[in-house]
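First up is the structure itself, then whatever we jot down about it.
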There are 2 protein chains.
Amino acid sequence: MIDLEKFLSRRGRAMHASAIRQVGDIGLAHADLISLAPGFPDPQLFAWDEFRAIADRLLSGSDGSILQYGATRGYQPLLDALPEILSHRGIRATNTEVIITTGSQQALDLCARVLTDPGDVVFVELPAYTGAMTAFGNARAQLVGVRQDEQGIDIADLDRLLVGKRADGRRAAIVYVVPNFQNPTGLLMNGSRRSELLAWALRRDVLIVEDDPYGALYFTDLTSRDETRPIKSQDNEGRVLYLSSFSKTVAPGFRVAWIAGPQPLIARLEVAKQSADLCSGTLDQRFVYEVWTSGALEAGLPRLRTAYQTKRSVMEQALRAELGNAATWVPPKGGFFLWATLPGIDTKALFGRALQHKVIYVPGSPFYVDHGGHDRIRLAFSAASPDQIRNGIRRLADALREEREATDPGRAEGARDGRHSAEETPASTADQ
Amino acid sequence: MIDLEKFLSRRGRAMHASAIRQVGDIGLAHADLISLAPGFPDPQLFAWDEFRAIADRLLSGSDGSILQYGATRGYQPLLDALPEILSHRGIRATNTEVIITTGSQQALDLCARVLTDPGDVVFVELPAYTGAMTAFGNARAQLVGVRQDEQGIDIADLDRLLVGKRADGRRAAIVYVVPNFQNPTGLLMNGSRRSELLAWALRRDVLIVEDDPYGALYFTDLTSRDETRPIKSQDNEGRVLYLSSFSKTVAPGFRVAWIAGPQPLIARLEVAKQSADLCSGTLDQRFVYEVWTSGALEAGLPRLRTAYQTKRSVMEQALRAELGNAATWVPPKGGFFLWATLPGIDTKALFGRALQHKVIYVPGSPFYVDHGGHDRIRLAFSAASPDQIRNGIRRLADALREEREATDPGRAEGARDGRHSAEETPASTADQ
């Protein structure tokens, strides 16, 4: 038999599969499972009627360009619309300072390739979005984890790490952050931290890659639009590449996202995109443009915010009722995720047990460059229905009780009644 | 002002814009232009009625997965359909030996990343498809051009180059070919050359990347389906990665293509795709699947073959009538392109003049790794109507006459009446 391994490049060998995608595949394979794992939007919230009407108009055959190859930069009317969409977020950009990408994952991949060479340092939060970690990691950049607190990335830690890496002679000029309802923590970076980060980037001559898929989905009971204002809105010199997407506000199946940034970098990203996929889906871009230009996108946002906020509250109530103080978390002010600590629990070990109870989530450690976060758990409240959320958390509590019983029999009752406080238990070696 | 150049990686700086895409952008910018440049399919041949009916069914909202994130490998029913689609081409593959990509450009990009490291050698035909050249080039592989004759790639030249590169200590294990109606030459590699290439790859332990976007579009007046049988159909040991696409048979706006190959390589390509774009357009894949499963795709192919064959004949007649022996070419047996030699003409210089006459094409040299082919010209007969083709060639003949007059006044009448034979003229320095 032919030895195929030898045909792989070093980078091909070094590529890692995404832990989240693997968990997602489990979810797809078991229909009776309650999945709190992947950060999927709720398809019941998609504007189906609108989409059907748009398709009927677009596919008349009178405009061949709708299904033809398109320009690499993107569908021009959509590019022309982006400055207005961005201005709602306080960002000034012209239509030459934007590019459409095939989902934000492509945006991350293009940034990784255009900005980093193997061995270059990219700073990410601890924890950080795994999709960014794989994009920069597959470009063979060195990911360096930076502490974050409830207000966002820790600038002092970031500075210490930067100085250290530069002293070692490393090229270290990129920091990747998700200030709005971060994946996985759901944290909202506060305003002063945003300003400090930008000022620091200027002082240290660093480029910020700001990823903002969830900013429009803030929860009005805990925050407001003003608090989601991107770092990019304060960027007067082109020091921020701002990534956002229609995946959470229109639908992810369309694969339409974008980057806003200084024109010379956008031009380079366009060249990279040419060889990556020539152009993003032409019909997909038209759908998104039509939904935007009809006003349906903007008009639909309050409904999305309310729906996701409600689901977040359902999840929090269920967690309090079922897990008591066996779980702690910072209340999500927006987005799709609740990030909980289960003190004393190895959440990778718990995963197998949860799967037996037909509920899945994403364990914490894949989000950590330093492989920490063993007692953390990412619970997505976005796609499941309120009933599924309640049942899912109940199943999780059952699994947790069993896990405690197995690892520390004396504390078996701890999960439900909440009498017991956090405590280290031996980590299981089980791995899903 | 901030110095943005310094943020670029070495690979980011080294990336090159595609000459074809640039020419294509010119075409998009001038509506009154006749474009014989980009290899676009004819949108009048798309199955619009079918698409509209499919959209109406799919977008009812009853199945949320239609617009949700999908599996990285692809929409499972489409993956399950590919073995049958491949079997029509004589290829045996299971549904674990295929992956969907966001157009064949992404397939090329993934292959480049998974198979080559900077400095590795990739052999390509002289001339070769520019999209493959940029994909492998942007991965910083070294492209080495191999002679081809009317029957396909020159195995002796390929072997000589491989031996030389390996003697230099270079990793040289990939050859990229387009055996069916190659872009840009339109050439059909003959059967014995295909067998020889595969035998050579086995002997020299080389992996073949076989790109086949046009195979289904053979012209029955000059060839038959049997002659388009891919090299992959003879591959018993997994030595061929076979790329194909629905862009030319369904529509390119959907961005759905695929790779068939040995399972271990497909698994690696899947990991690479995770970080490239998570998944291809979900709705796009559904459209393609529905068109296939309804039988409309297969049923529509004879009509496509006839239409493109007719346009090819219209272009050949126009060339004979307008240019006489000022142009020579091998009659295309399929695909989208007529590749002509204009003896003594610098086709890059001619481009500006042709643009004044409101016709565009792609000059030959961008297709050559060694920057040869200055007197070649790629004319796409695929997208233009018969009338546009006739008018376009007439305009080209006018431009050519002017060009001859400018560079060699004594021969100004040569183009139309065809009395003059090929002759070297000084190359213009003009560049579009």
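The values are calculated or read from the model by the stated rules, or taken from the named source; none is laboratory data. All figures in this text were calculated on a predicted structure; none of them were measured in a lab. In this analysis, Cβ positions are derived from the backbone assuming ideal geometry, glycine residues included, and neighbour counts consider all displayed protein chains. Note: areas computed on protein heavy atoms with side chains; ligands, DNA, RNA excluded. Shrake-Rupley method; radii C 1.70, N 1.55, O 1.52, S 1.80 Å.
Taking all pairs of different Cα atoms in the stretch B:305-399, averaging 1/r and flipping that mean, what Kirkwood radius in angstroms comes out?
One decimal place: 13.3 Å for the Kirkwood radius.
Solvent-accessible area of B:W329, all protein chains in place: 50 Å² (probe radius 1.4 Å, heavy atoms, ligands and nucleic acids excluded). Per-residue ellipticity at 222 nm computed for the protein assembly as shown from its helices equals -13000 deg cm²/dmol, with DSSP H segments shorter than 4 residues left out and the rest contributing -39,500 (n - 2.57).
Most simply put, chain A has about 50% antiparallel DSSP beta bridges, counting only bridges with both residues inside it.
Size descriptors for chain B, from the alpha-carbon set: Rg then Dmax equal 22.0, 73 Å.
Below 8 Å, C-alpha to C-alpha, sequence gap of six or more: please give me the relative contact order for chain B in percent.
Averaging sequence separation for qualifying contacts and normalising by length gives 21 percent for chain B.
Averaging 1/r across all pairs of distinct Cα atoms in the stretch A:337-379 and inverting the result yields a Kirkwood radius of 10.3 Å.
What number in nm² do you get for the stretch B:63-117 if you take the convex hull of its Cα atoms and divide its surface by four? Each step should come with its number before you reach the end.
Values: hull surface 19.7 nm².
Computed as one quarter of the Cα hull surface, the answer is 4.9 nm².
For the stretch B:131-262, relative contact order (Cα pairs under 8 Å, six or more residues apart, normalised by length) works out to 18 percent. Between this copy and the others, label points of A:D408 are 9.0 nm apart in ascending order, each placed 7 angstrom from Cα in the Cβ direction. Remark on A:I34: its backbone amide H falls under 5 Å from those of A:V359, A:I360, a criterion applied only to residues 5 or more positions apart or on other chains, H modelled at 1.01 Å from N. Kirkwood radius and radius of gyration were both taken over the C-alpha atoms of the stretch A:26-172, and their ratio Rg/Rh is 1.06.
Rg and Dmax, both from the Cα atoms of the stretch B:41-92 and both in Å, are 14.6, 38. Across the stretch A:103-241, Cα-Cα distances exceeding 26 Å account for 17% of all pairs.
As an equivalent ellipsoid, the stretch B:248-388 spans semi-axes of 36, 22, 14 angstrom, where each value is the square root of five times an eigenvalue of the C-alpha gyration tensor, largest first. Each Lys or Arg adds one and each Asp or Glu subtracts one; over the other residues with Cβ under 11 Å from the Cβ of A:V178, this totals -4.
Rounded to the nearest 20, the Cβ-based charge dipole of the stretch B:181-287 about its Cα centre (Lys and Arg +1, Asp and Glu -1) stands at 100 debye.
Charge tally for B:L86 (other residues, Cβ to Cβ under 10 Å; Lys, Arg +1; Asp, Glu -1): +1. A 1.4 Å probe run over the protein chains yields, for the stretch B:1-151, 35 Å² of accessible area per residue, whole-number rounding.
Dividing the C-alpha radius of gyration of the protein assembly as shown by 2.2 N^0.38 Å, with N its residue count, gives 0.98. 3J(HN,Hα) along the stretch B:247-257, derived from phi through the Karplus expression 6.51 cos²θ - 1.76 cosθ + 1.60 where θ = phi - 60°, amounts to 5, 8, 9, 10, 5, x, x, 6, 6, 10, 9 Hz, with x in place of Gly and Pro. For the rotational copy pair A/B, the chain A residue whose Cβ lies nearest the symmetry axis, together with its distance in Å, is A:A55, 2. Below 8 Å between Cα atoms, with a sequence gap of 6+, how large is the relative contact order for the stretch B:102-197 in percent? 29 percent. Here is the interface size for B with A: some 7600 Å² of accessible area buried, both sides summed, with a 1.4 Å probe. For a straight C-alpha distance cut-off of 30 angstrom, the lysines reachable from A:K248 (same-chain residues fewer than eight places away being disregarded) are A:K232, A:K273, A:K311, A:K333, A:K348, A:K358, B:K273.
The C-alpha atoms of the stretch A:227-295 occupy a region whose extents along the principal axes are 36, 34, 18 Å, arranged from largest to smallest. The Cα atoms of the stretch B:90-184 define a convex hull whose projected area, averaged across directions, is 7.0 nm². The radius of gyration of the Cα set in the stretch A:170-279, together with its Dmax, comes out at 14.9, 45 angstrom.
Cα centroids of the stretch A:85-142 and the stretch A:171-239: 13 Å apart. With the label put 7 angstrom out from Cα along the Cα-to-Cβ vector, B:A14 ends up 1.4 nm from the copy partners, going from closest to farthest.
Other residues whose C-beta falls under 10 angstrom from the C-beta of A:P118 contribute a net charge of +2, scoring Lys and Arg +1 and Asp and Glu -1. Where q = 0.23 Å⁻¹, what log10 of I(q)/I(0) comes from the Debye formula for the stretch B:274-336, counting one point per Cα? Ignoring solvent entirely, the Cα scatterers give -0.95. Here the ratio of the Cα radius of gyration of the stretch A:103-155 to 2.2 N^0.38 Å is 1.13. In nanometers and ordered shortest first, the copy-to-copy spacing of the A:P386 label point, defined 7 Å from Cα toward Cβ, is 6.5. Counting only DSSP beta bridges with both residues in the stretch A:152-307, the antiparallel share comes to about 35 percent.
Amide H contacts for A:L207 (H built 1.01 Å from N in the peptide plane; partners 5 or more residues away or on another chain; cut-off under 5 Å): A:I174, A:V175.
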